[in-house]
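Below is one structure; the comments refer to it alone.
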Amino acid sequence: MTRRGVAAILILASVLAGCGGGSGSSSTTSTAAKTTATAPVAEPPPNAEEGTVFVSLGSAAGLGEVLVDSEGHTLYAFSGDGGGKPTCEGACAKAWPPLLDETGEPQPSNGTGAARLGTVERADGSTQVTYAGHPLYTFAGDQRPGQANGNGQSAFGGTWTALKGNGTPAG
């Protein structure tokens, strides 16, 4: 390649790098990002097996730090689950989808305790993630990461609560 060609590539690279994150408008973007921040999405380690389920701590509206799934959605426990066995089936599981793990080895992330993570077999043979003995569920009414619309709801014969990192109910 000629010197002129190398120079053109270097100039193009410099221009493109300058477009990626100048400091002129980042303060506006940064401020907007801070006001609309949601629960962090768990970033799997580089060697994570595809399909691995991560349980993290993330921020939920009005509750502070709670357990969230890999996409930042709040995770809930159901008071109707006795002895760590999931009882939410059928219509209940449509409204409160269980956190399932095909690998059977959920992983902690962002401050959750590995010793508190586990799994339990559901009636249909699938494997549901547990935390501190509580089968974990998401809520269909939470449309975005960081929402906790299901916290404190009574439905399907029990109460739904988001969990803190120590496994106790939040707020």
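The values are calculated or read from the model by the stated rules, or taken from the named source; none is laboratory data. For clarity, every value in this text was computed on a predicted model and none was experimentally measured. A quick note on method: Cβ atoms are made from the backbone with ideal geometry, for glycine too, and the neighbour counts reach across all protein chains shown. Remember, those area values only see protein heavy atoms, side chains included, never the ligands or the DNA or RNA. Shrake-Rupley method; radii C 1.70, N 1.55, O 1.52, S 1.80 Å.
The table that follows gives values for the structure above.
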| item | result |
| --- | --- |
| From Arg116, Arg122, residue being modelled with pLDDT of 95 or more, among the basic types (Lys, Arg) and open to solvent by less than 70 Å² (accessible area, probe 1.4 Å) | Arg122 |
| Pick from the range 74-104, criterion modelled with pLDDT of 95 or more and β-branched (Val, Ile, Thr), ranking: nearest to Gly141 (Cα to Cα) | Thr74 |
| Selection within the range 160-171 - of a type in the set (S, T, N, Q) and crowded, with 16+ Cβ neighbours inside 10 Å | Thr161 |
| Count of the range 125-151 residues which are open to solvent by less than 50 Å² (accessible area, probe 1.4 Å), of a type outside the set (Phe, Trp, Tyr) and farther than 21 Å from Gly83 by Cβ | 9 |
| The range 74-107 - residue that is of a type in the set (Ser, Thr, Tyr) and surrounded by fewer than 21 Cβ atoms within 10 Å (Cβ to Cβ) and, of those, farthest from Gly58 (Cα to Cα) | Thr87 |
